[in-house]
Amino acid sequence: MAAIEVLVREGRTFPPSDDFVAQALIKDASVYEDAERDYEGFWLERAKEFVEWFTEPTESLEWDPPHCTWFADGELNVSYNCLDKQVNAGRGDKVAYHYVPEPPDEEHRSITFAELRDEVSRFANALRGLGVKKGDRVGIYMGMVPELPIAMLACARIGAPHVVVFGGFSADSLGERMESTGASVLITQDEGWRKGKKIALKAIADEAVKLAPTVERVIVLRRTGDQVPFAEGRDLWWHELVEGESTECEPERCNAEDVLYLLHTSGTTAKPKAAQHTTGGYLTYVSCTHKWIFDVHDEDVWWCAADVGWVTGHSYIVYGPLNNGTTGVLYEGDPAYPAVDRHWEIVERYRVNQYYTAPTLIRAFIKAGPEHPQKHDLSSLKLLGTVGEPINPEAWVWYWKYIGGERCPVVDTWWQTENGGILISALPGLTTLKPGSATVPFPGNQPAILDEQGNPVPQGQGGYIVMTKPWPGMFRTLWEDDERFVSNYFSKYGPSVYFAGDGAKQDDDGYYWLLGRIDDVMNVSGHRLSTIEIESALVAHEAVAEAAAAAAPDELTGQTPLCFVVLRSGYEPSDELAAELREWVGTQIGKIARPKAVLFGADLPKTRSGKIMRRLLKDIAEGAELGDTTTLRDPEIVEALKREADESLGRQAAAS
Ligand code: WTA
């Protein structure tokens with residue numbers, strides 16, 4: 001029996017347009033053959049193409065499963081590559097970041113590569129002055145301000161691994177991440193801006209430091225200027241610290257395998273895992289994928305609208321684009337502040353060419369309606385991207401139509417914090433797109449889809465996605481927990497097969513369709529169904545903006561789907577609509593998937609990175625006590641859904 005059954009067949013295809021192909025950077029399919037013929041040679045060539053080395057590597061991959069090294073005899077500095085290399089190549093006056101503060105009346109700042117290099121050097125000198133050495137961990141807990149990449153690059157310059165913690169995390173989460181990585185310095189700011197409100201970052205950092213005795217120094221950037229608690233002797237103001245520091249700072253010579261950063265996976269269960277990323281392989285991988293997948297030309301304006309606190313921001317706001325000498329947008333705040341068209345206003349103003357975001361935001365745009373992007377001139381856009389969750393085909397088509405003007409390829413990119421960079425995605429000048437599919441492996445990558453026993457599933461069937469070869473950007477281990485690295489990722493199918501924890505299927509053309517985390521599979525009458533297909537069917541209904549399915553226990557079938565739906569603006573919840581949606585799923589993908597009930601909510605429970613938190617929906621569907629809700633963006637939402645679910649399934653509301 002298939003590991004996961006496949007119900008949906010999406011038939012629409014979007015070949016690259018002649019206009020797009022004519023200007024595409026990669027339009028010769030031989031890149032795939034090159035990488036396949038000589039995988040190691042292909043990457044060694046990329047390493048020399050994308051990186052300026054102090055000592056050029058002669059070695060490519062060394063693989064002692066599950067561990068690997070890449071370019072291990074090479075020496076480089078990542079900050080030198082992102083900054084000095086650009087200045088030396090004549091890009092000193094080119095803008096590195098257009099910084100857009102959240103308060104709409106505050107002045108924007110455009111920061112050039114030369115300015116960025118100077119600021120990074122001053123701050124790096126200051127860190128060195130505090131005694132921070134190569135290998136020391138430095139925590140960073142900030143909002144989306146230019147000083148966040150400056151702090152990261154300063155760490156990279158002196159070889160001190162940074163540990164960035166997303167600015168929406170609590171004191172407990174921050175403290176635990178500082179303590180477990182042994183950070184000696186924490187960089188934060190007085191306050192951040194979010195939806196017009198001030199977030200007390202420094203006060204939260206103070207709480208966190210109580211849990212992390214390793215932190216000896218706290219550096220505070222002045223952002224809002226409000227009075228904040230300040231511990232004399234421990235705390236230092238950023239602006240005072242860099243005063244008088246030189247704009248020259250000798251970059252540390254790092255080995256390609258030295259640690260560039262630690263970043264905790266966005267997973268919400270158990271103890272957080274800190275993925276350990278390197279300098280040489282990582283920089284090569286993120287730069288090549290950035291340039292090729294998003295087709296970024298030298299004169300383009302690029303916008304990855306993620307937060308730098310997540311891996312997407314590390315790889316595609318900071319390291320990949322800067323190393324490619326790309327001009328990027330850095331927006332501080334909320335996409336709906338002061339109004340839902342904030343992003344489109346920014347795209348129009350800076351003539352953004354490529355825009356990369358997550359399905360969660362696309363669904364929010366759909367919910368609000370197309371009239372908001374339609375108020376703006378989005379004609380500069382050439383390409384769109386998505387990452388973070390499977391995208392429902394209907395949401396993909398909406399994005400393509402209303403944001404991309406039916407002109408821009410939409411690249412759906414599959415990868416994970418552990419991966420460092422994109423593993424599966426179209427190359428937009430070559431690949432015919434299919435909405436809902438991440439399409440094909442990046443040149444050289446070799447995924448496979450296996451069943452429980454480790455046999456490849458027949459094409460068209462669902463199973464567990466794995467990677468059968470290492471790639472330069474992959475994490476090397478989990479910080480100080482190699483045992484967990486092995487048991488989590490390299491034990492199910494042995495040490496040479498990376499187990500990603502996602503379900504996937506391949507269609508007749510060999511395209512990959514991601515089916516979500518394998519824990520989100522439900523079992524209806526012995527059929528293992530992935531929730532994403534039921535959700536995509538719901539989103540294909542004109543009234544639905546987003547949907548999530550979870551398994552409710554059922555005496556007859558074992559489990560049965562319970563669906564949570566957010567309506568598009570202009571639609572109201574009703575019993576009739578719920579009944580219509582149940583029937584709709586039944587006719588779209590089959591009776592077996594017809595939900596037991598459809599519940600309406602104003603929003604779905606999401607993690608702080610915007611992923612639908614299916615674990616909690618499962619608790620609700622099962623009528624169980626709600627699990628840990630502290631990682632939720634808005635805990636109120638689950639309570640409301642729980643009341644509705646208990647009522648609709650005729651259950652006694654739990655006293656929680
Ligand atoms: C999911 C984000 C389907 C997947 C870079 C993965 C996706 C997890 C996609 C990693 C995609 C990411 N299609 N699912 N294009 N991209 N995912 O660590 O379940 O925050 O395992 O890294 O997001 O999330 P993370």
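Things to note:
- Cα shape, segment 86-214, gyration tensor, a/c 1.5 rule: oblate
- In the chain, taking the dipole from charged Cβ atoms about the Cα centre, the farthest positive-side position among Ala395, Leu44, Thr439 is held by Ala395.
- Cross-link partners for Lys375 among the aspartates and glutamates, with Cα-Cα distance under 18 Å and sequence neighbours closer than 8 places in the same chain left out: Asp341, Glu345, Glu348, Glu406.
- Rounded to the nearest 20 debye, the dipole size of segment 521-655 about its Cα centre is 520 debye, using +1 on the Cβ of Lys and Arg and -1 on the Cβ of Asp and Glu.
- Karplus (6.51, -1.76, 1.60) ³J(HN,Hα), θ = phi - 60°, over segment 80-94, in Hz, Gly and Pro reported as x: 4, 5, 6, 10, 4, 4, 5, 4, 4, 8, x, 9, x, 8, 6
- Farthest positive-ward along the chain dipole, Cα basis, beta-carbon charges - from Leu236, Leu127, Tyr282: Leu236
- Förster-model FRET efficiency, 51 Å R0, Ser569 and Glu56, C-beta, rounded to 0.05: 0.35
- Charge dipole magnitude, Cβ of K and R +1, D and E -1 - the chain, Cα centre, debye nearest 20: 480
- Relative contact order [Cα under 8 Å, 6+ residues apart], the chain, whole percent: 13
- Furthest towards positive pole of dipole, Gly182, Pro251, Gly623, structure part the chain, Cβ charges: Gly623
- Computed helical MRE - 222 nm, the chain, DSSP H runs ≥ 4 contributing -39500 (n - 2.57), nearest 500: -8000 deg cm²/dmol
- When the GluC sites (Glu not before Pro) in segment 183-276 are filtered for DSSP coil states and for at most 11 other beta-carbon atoms within 10 Å of their beta-carbon, the remaining sites are Glu232, Glu243, Glu248.
- With the simple model of a label 7 Å out from the Cα in the direction of the Cβ, Asp634 to Thr587 spans 3.2 nm.
- Gyration tensor verdict on segment 521-655 (Cα atoms; rounded if a/c is under 1.5, prolate if a/b is larger than b/c, oblate otherwise): rounded
- When both bridge partners sit in the chain, DSSP labels roughly 60% of those beta bridges antiparallel.
- Assigned charges on the beta-carbon of Lys, Arg, Asp, Glu; segment 108-252 dipole about Cα centre (debye): 400
- Computed over segment 521-655, relative contact order equals 20 percent, with contacts defined as Cα pairs under 8 Å that lie 6+ residues apart.
- Relative contact order computed over segment 340-381 (Cα-Cα under 8 Å; 6+ residues apart), in percent: 68
- Relative to the current alpha-carbon distance between Lys197 and Ala602, full extension at 0.36 nm per residue lengthens the span by 143.6 nm.
- For Arg528, the residues 5 or more places off, or on other chains, whose built amide H falls under 5 Å of its own are Glu5.
- Stretchable slack from Glu625 to Glu480, in nm (0.36 nm times residue separation minus alpha-carbon distance): 48.8 nm
- Contour excess over end-to-end distance, with Cα ends at Arg12 and Ser525 and 0.36 nm allotted per residue: 181.6 nm
- Helix 113-129 and the long axis of the chain differ in direction by around 70°, with both axes built from C-alpha atoms.
- Of interest is the spacing of the C-alpha centroids, which for segment 326-348 and segment 54-94 amounts to 32 Å.
- Using a Förster distance of 25 Å, the FRET efficiency for His67-Lys271 (Cβ separation, nearest 0.05): 0.70
Coordinate-derived values only; no laboratory data. Computed from a predicted model, the values in this text were never measured in an experiment. As a convention, Cβ positions derive from the backbone with ideal geometry for all residues, glycine included, and neighbour counts pool all protein chains shown.
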